[in-house]
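The values are calculated or read from the model by the stated rules, or taken from the named source; none is laboratory data. Everything numeric in this text was worked out from a predicted model, so none of it was measured. All Cβ positions, even for glycine, are placed from backbone atoms using ideal geometry, and neighbour counts span all protein chains on display. To get the accessible areas, we keep the full protein, side chains included, count just its heavy atoms, and leave off ligands, DNA and RNA. Shrake-Rupley method; radii C 1.70, N 1.55, O 1.52, S 1.80 Å.
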Amino acid sequence: MKVFVSGGAGYIGGVVVSQLVAAGHEAVVYDNLRNGHPDSVPSAARLVVGDVGDRAKLCEIFAEFQPEAVMHFAASIEAGESMRDPAKFFRNNTANALTLLETILSHKVRCLVFSSTAALYGDPVSIPIRESDRLLPINAYGESKLLVERMLGWFHRIHGLSYASLRYFNAAGATENLGERHDPESHLIPIILQVASGLREYVSIFGDDYDTLDGTCVRDYVHVSDLASAHLLALHALHSRPEPTQLIYNLGNGHGFSVREVIECARRVTGRAIPAVVEARRTGDPAILVAGSEKIRAELGWTPQYPGLEQIVRSAWEYIQRGKQGD
Ligand code: UFG
């Protein structure tokens, strides 16, 4: 299949593109390289530097490449930042997604796999969260993605678009060649490992007064390779069904770990002390986000290969040890 991948030079997109080309698909990565890295794109894929907001350039690439499917990763992703600069999220995530959707329709592309998020749920009504649960984001990031899910629903209904919306819980871990390289880094596991590597003095714990077992926020960490494999399953499901199809799935392991538990795990994996300091809460953080992924397991046969937190943290640590980070 010919697949157009926006944001394919980023952390999750890069791993998906590697799996796509390994499975024999043809991929064009479209990335503005503001957060992506050209060396994350495998040599078997073509990289086009461009912005999803650039309608003319999108049209040019669609006309030339004639994709059969689109995967849309390009987005601003930090929930904390979205509470300081919401316009950036509504521009990059919502407005640009509409431009991409219009391009998809005008070029008669039938299938789309969309990177959605657990942030849609806000403070969940019950744990584990199910896809049918209430959607009530508590940060602008989640709202910016929820608006896209709503648009997708209408494009499916009105134009027959087939799409999968994959609601990621906390992507983490690394493959042999690809790991998290955000600049500046804001995600918990890479920050903890920067402390373990001596690049930072300590990790800040953003709040220890949440209503959780040890007072710190609880998240469901999913290995990036497992997230990636779900994308290929979704792509095949959409492609193989001739009728307009709508798939909405949570991608989590169903186990929550508190910030303190993640730090403890990293201490075991790395054998380093990893000092931690409790600080104020970060605005827009739900206390707990843990997913039920029974739906995608049952319907598409998704089976995570690295479900354990220790496996996830170890893969990220080994990636750093191999000296690939920041190359
Ligand atoms: N945290 C700290 N200290 C840090 C960094 C994070 O205590 O230095 C805490 C956060 O407050 C949060 C938890 O660790 O409670 C995880 O934070 P991350 O920044 O690693 O991830 P988030 O849960 O905020 O968000 C991530 C992605 C989003 C996605 C979400 C889904 O960035 O795009 O997971 O759960 F939507």
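Oblate is the label for region 252-327. Its Cα gyration tensor axes, ordered a ≥ b ≥ c, give a/c of at least 1.5 and b/c at or above a/b. Using the 1.4 Å probe convention, the accessible area of region 276-327 works out to 51 Å² per residue with neighbouring protein chains retained. In the chain, the DSSP beta bridges split such that about 5 percent are antiparallel, to the nearest 5. GNM on the chain, alpha-carbon springs under 10 angstrom: the most fluctuating residue among 304, 190, 242 is 242. Rounded if a/c is under 1.5, else prolate if a/b is larger than b/c, else oblate: which is region 25-127, with a ≥ b ≥ c the root eigenvalues of its Cα gyration tensor? Judged from the Cα gyration tensor, region 25-127 comes out prolate (a/c at least 1.5, a/b above b/c). Springs between alpha-carbon atoms under 10 Å, Gaussian network over the chain: tell me which of 315, 106, 197 tops the mean-square fluctuations. Between 315, 106, 197, it is 106 that shows the largest mean-square fluctuation. Largest GNM mean-square fluctuation among 300, 227, 147, using the chain with Cα springs under 10 Å: 300. Neighbours of residue 273, meaning other residues whose beta-carbon lies under 15 angstrom from its beta-carbon, give a summed charge of +3 when Lys and Arg score +1 and Asp and Glu score -1.
Looking at the square roots a ≥ b ≥ c of the eigenvalues of the Cα gyration tensor of region 204-311, which shape do they give, rounded for a/c under 1.5, prolate if a/b is larger than b/c, or oblate? Because a/c hits 1.5 or more and a/b exceeds b/c, region 204-311 counts as prolate. Per residue, the accessible area of region 96-250 comes to 38 Å², computed with a 1.4 Å probe over protein heavy atoms only. Shape index of region 174-233: Rg/Rh, with Rg the Cα radius of gyration and Rh the Kirkwood radius from the inverse mean 1/r over Cα pairs, equals 1.05. For the chain, the equivalent ellipsoid derived from the alpha-carbon gyration tensor has semi-axes of 31, 22, 18 Å in decreasing order. Counting protein heavy atoms only, region 1-120 has 52 percent of its accessible area on carbon and sulfur, 1.4 angstrom probe.
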